[in-house]
Amino acid sequence: MTELSARIAGIGSHLPERILTNDEISAMVDTSDSWIRERTGIRQRHIAGEGVTTCDLAERAARRALEDAGIAAEELDLIVVATTTPDFTFPSVGTMLQARLGATQGAAFDVQAVCTGFVYALSMADNMIARGQAKTALVVGAETMSRILDWTDRSTCVLFGDGAGAMVLQAAEPTGEGTDRSGILGTYLRSDGRFKDLLHVDGGPSSTGTVGHLRMVGNQVFRHAITNIAESMTTIASRSGVTIEEVDWFVPHQANQRILEGVARRLSIPTEKVISTVADHGNTSAASVPLAFDRAVQDGRIKRGDLVLMEALGGGFTWGAALARY
């Protein structure tokens, strides 16, 4: 039996209307616009309004992706939502999104891999399509990171924002050979739980009974990010039979502009091939890869037929990469 290909049929994203600038944060904690820009490349981030939940953002991004794909929600038989900031402990954002969209058949669930969540979710949907367990899948990365920030901690509160991005994947018979075929060409997932204390939230239902706040040892995360992201990119390229030079576009997790530049230098990637939205969005965790991908499609950089490499590293640590022919 020939495995089916998971074609990217559509993409969409959504950002909350409220923009929080560096100058506004400077009035809250001891920092400045120049300090934030120099160390992170971020100039602003979007913050969900009162009463706006992760599922609300996910729904808006999902509807845009479905519209882009020209697919009705009723055709969906799989929904995978990547989030670390769900509306409730349960039910999952995925099942709530399923109900809102009226996609009443198939399965829906959440994936928790923090900033690598979208790559993990994409891998799960791709594998389920390849095995014939789904025909039309919606993969969403959605976060309200502002809800778990300590707004007195300048080392973390300046970094994160809220948003959502979504992709529609559709099963198709493989066309072309090797990396010339369309769709998801391969994924690579890794984790190492020994580094939990470097990037974590200090609360949870079973430990403290509270939501908790995000805590990070920034310099250590930076070092691991450069090493592990570069490793995941070279591994997925090698496994797929391509060189880094052959990739048309790199869509990284938007954590920090210095990380993006550091990885690019390590792998000798021209900066013009790296999609960067971190200045406008900040770190939106699982939402950042599809948000950046959608931005580059909308502005005409990423075109049908382009070879695109996505990658991320998140708390846990988790990290990974996905290669796709868009």
Starting from the Cα gyration tensor of the stretch 87-236, take the square roots of the eigenvalues, sort them a ≥ b ≥ c, and report rounded, prolate or oblate (rounded when a/c is under 1.5, otherwise prolate if a/b is larger than b/c, else oblate).
oblate
Starting from the residue with the highest accessible area, list SER155, SER232 in decreasing order, probe 1.4 Å.
SER155, SER232
Leaving ligands, DNA and RNA out of it, rank GLU17, GLU311 by accessible area with a 1.4 Å probe, largest first.
GLU17, GLU311
Once whole DSSP H runs in the chain are found, which of them have Cα atoms spread over 18 Å or more along the helix axis and a mean Kyte-Doolittle score of at least -0.5?
117-130, 218-240
Based on Cβ point charges of +1 for Lys and Arg and -1 for Asp and Glu, what charge dipole magnitude is obtained for the stretch 245-326 about its Cα centre, in debye rounded to the nearest 20?
40
Inter-centroid distance (Cα atoms) of the stretch 29-43 relative to the stretch 209-270, Å:
21
Distance in nm between pseudo-label sites at LEU267 and ALA99 (7 Å out along the Cβ direction from Cα)
4.1
Which of the lysines could a cross-linker bridge to LYS273, judged by Cα under 16 Å and excluding same-chain residues fewer than eight apart?
LYS303
For LYS196, tell me the accessible area in Å² from a 1.4 Å probe, rounded to the nearest 10.
110
Only four residue types carry charge here, +1 at the Cβ of Lys and Arg and -1 at the Cβ of Asp and Glu. Report the dipole size of the chain about the Cα centre in Debye, rounded to the nearest 20.
480
Taking the Cα centre of the chain as the origin and placing charges on Cβ (Lys, Arg +1; Asp, Glu -1), which of ILE244, VAL297, VAL168 is farthest toward the positive end of the dipole?
ILE244
Please list the equivalent ellipsoid semi-axes of the stretch 1-158, computed as the square roots of five times the alpha-carbon gyration tensor eigenvalues, in descending order and whole angstrom.
34, 16, 14
How do THR85, THR234 rank by accessible surface area computed with a 1.4 Å probe, from largest to smallest?
THR234, THR85
In a Gaussian network model over the chain where Cα atoms closer than 10 Å are linked, find which of PHE195, PHE118, PHE293 has the largest mean-square fluctuation.
PHE195
So, R0 is 25 Å and r is the distance between the beta-carbons of THR243 and GLU3; what FRET efficiency does that work out to, to 0.05?
0.55
Could you give the nm distance between label points at THR21 and ARG147, where each point is 7 Å from its Cα heading toward the beta carbon?
2.8
Using a probe radius of 1.4 Å on heavy atoms only, what accessible surface per residue do you get for the stretch 130-195? Whole Å² is fine.
39
Restricting to Cα pairs below 8 Å that are 6+ residues apart, what does the relative contact order work out to for the stretch 43-172? Please round to a whole percent.
34
With the 8 Å Cα cutoff and a minimum separation of six or more residues, the stretch 202-318 has a relative contact order in percent of 29
Summarise the accessible area of the chain (1.4 Å probe, protein heavy atoms) by the percent that is carbon and sulfur.
49
CD proxy at 222 nm, helix term only [per DSSP H run n ≥ 4: -39500 (n - 2.57); per residue of the chain; nearest 500]:
-9500 deg cm²/dmol
Distance from the Cα centre of the stretch 191-206 to that of the stretch 161-176, in angstrom?
29
Tell me the accessible surface of MET28 in square angstrom (1.4 angstrom probe, heavy atoms of protein chains only), to the nearest ten.
100
Dipole moment magnitude, nearest 20 debye, the stretch 13-155 about Cα centre, only Lys, Arg, Asp, Glu C-beta charged
240
Per residue, how much accessible area does the stretch 232-326 have with a 1.4 Å probe, in Å²?
32
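The values are calculated or read from the model by the stated rules, or taken from the named source; none is laboratory data. No experiment lies behind these values; they were computed from the predicted model shown. So basically every Cβ, Gly included, is an ideal-geometry build from the backbone, and we count neighbours across all protein chains shown. Areas reflect the complete protein model, heavy atoms only, side chains present, ligands, DNA and RNA absent. Shrake-Rupley method; radii C 1.70, N 1.55, O 1.52, S 1.80 Å.
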